[in-house]
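Here's the structure we're looking at; comments come further down.
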Amino acid sequence: MKNRFKIVQIFILMLLVLPATTVHAQGGGPTYIVEPGDTLSGIARRFGTTVDAMVATNGIEDPSKLYPGAELTIPGFEGVEGVLTLQEVSLGEDLNSLSLRYNLALDELARLNRLVRPDRLYVGQSLIVPESSESVIPGDDVGAFFPYLGETRLEIAARVGINPWDLRRSTVDPLRFWVMPGNPLTDTMGWSVSLPEPFTSISIEPLPMVQGHTVVLRAGVSSPIRLGGSLGDHPLTFFQNDDGDIVALQGIHALAEPGLYDLELRMGLSEGEETSYIFRQPVMVEDGDYGFQYVVGVPAATVDSENIRAEEEFVKDLLAPVTPDKLWDGPFDYPSRYYTDEFIALFGARRNYNNGALIYYHTGVDFYGNNIPIYAPARGVVVFAGPLLIRGNVTYIDHGWGVYSGYFHQSELLVQEGDIVERGQEIGIVGSTGRSTGPHLHWEIWVGGVTVNPLDWVDRGYP
């Protein structure tokens, strides 16, 4: 009798702990695993279906009750199999390569993700993909071959040493013999994320890119190449790094419109050779979430639009050269010993002066102080030391690779053009010259012709 009572207790307990919603998949299609916070209506909207269709397909008794871990079949994709997961688009991937990797038709992959522009997948974009046993997993026995400019399928096959009839292309009819540079061809065994020779790796970070910060593009190569390109309107200059990688640094303008910008890479295999490989892919730039500042009491001449235009053009030309020697090593030091956790003003804040238009932004970081030394934060060459109307007594230092630093409003300059300065060397004295309402040091860093947040360069060693 006691045993029978215990069995009844156990049965009641099992009923209590069973999930409130029982899901029974009744049709073919991809599987979605419910996450904490999901609702049936939210899942239906995400995949372009309806709650009624979800209920009918999965035999759901109570649509208001879902539990994490439950498996739901998504209706409307009966030809798609596998568990739906998120996959970030890597540098070099597009809808063609992803469709091959996950054994899914292009239109189905686009519909699954409700893509408005399937041809504009950007690096770092999250896509919903079906992981299944039939997905093609890259391995040593499969390869991707990237056409060079003007190459035919026969020439590609000869270059990589395979039968031309074993090549196929995901974007066109396999019987066509024309190919487009940068779109992968694969052998008949499958798809791979292989890079065109002699690349061994390629990366861009951070992703997504953010207004006012520095971007690092890095390529590993097995043999020397010439690499160039552009990011939006800014040309990219690549240099050989100490670890053997090829590296380019580029700043993202603090006022850059958030959205997609084209990244283009152009490769040549030897000096004097025409570009043999072109790669293009969008990358996302996000808002830097900068605040606002209203500054009054600056000299009127320093906010005159014509004066600003003339000085900006002078500085832009001054800092345009990209010298090939990297003179800094590791993180930059602060240029002032007199600072606290709070600075007078941080980088990026949108500004107006003397109650004028809110069309400016703060191009650097401001330090407290008066009549105290300014120190070089890293090794470099002085390219300018003199008076300017808006910047006051200013020093600009070239650190190589298109990286410059600037020091405004000085009361005294301790270096001159052509001087090589070392980390920690005194270069000037803090003052209040130029567009200033009181003594302070304005410090800025330029990367690829764009001002960036100097504190990033203190927090880490680029590249």
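Miscellaneous remarks
- When the Cα gyration tensor is reduced to axis lengths a ≥ b ≥ c, the ratio a/c is 1.5 or higher for segment 291-379, and with a/b not above b/c it is classed as oblate.
- Cα gyration tensor, segment 83-131 - rounded (a/c under 1.5), prolate or oblate: rounded
- For segment 206-286, the square roots a ≥ b ≥ c of the C-alpha gyration tensor eigenvalues yield an a/c of 1.5 or more together with a/b exceeding b/c, which makes the shape prolate.
- Charge tally around Val295: other residues with Cβ under 13 Å, Lys/Arg +1 each, Asp/Glu -1 each, net +2.
- Under 15 Å, Cβ to Cβ, from Ile60 - net charge with Lys/Arg +1 and Asp/Glu -1: -4
- Qualifying GluC sites (Glu not before Pro) in segment 346-434, DSSP loop, other Cβ atoms within 10 Å at most 16: Glu417, Glu422
- Convex hull volume of the Cα atoms of segment 273-327, normalised per residue: 246 Å³.
- Mean Cα-pair separation over length for segment 206-286, i.e. relative contact order, pairs under 8 Å, 6 or more apart, %: 36
- Other residues lying with their Cβ under 14 Å from the Cβ of Asn393 contribute a combined charge of -1, Lys and Arg counting +1, Asp and Glu -1.
- Compactness index (Cα Rg / 2.2 N^0.38 Å), segment 292-459: 0.96
- Phi-based couplings in Hz for segment 413-419 (Karplus 6.51, -1.76, 1.60; Gly and Pro marked x): 9, 10, 9, 9, 3, x, 5
Each reported figure results from applying straightforward, stated rules to the coordinates on display, with no laboratory input. Because the structure is a prediction, the values reported are computed rather than measured. Methodologically, a virtual Cβ is constructed for each residue, glycine included, from the backbone with ideal geometry; neighbour enumeration extends over all protein chains shown.
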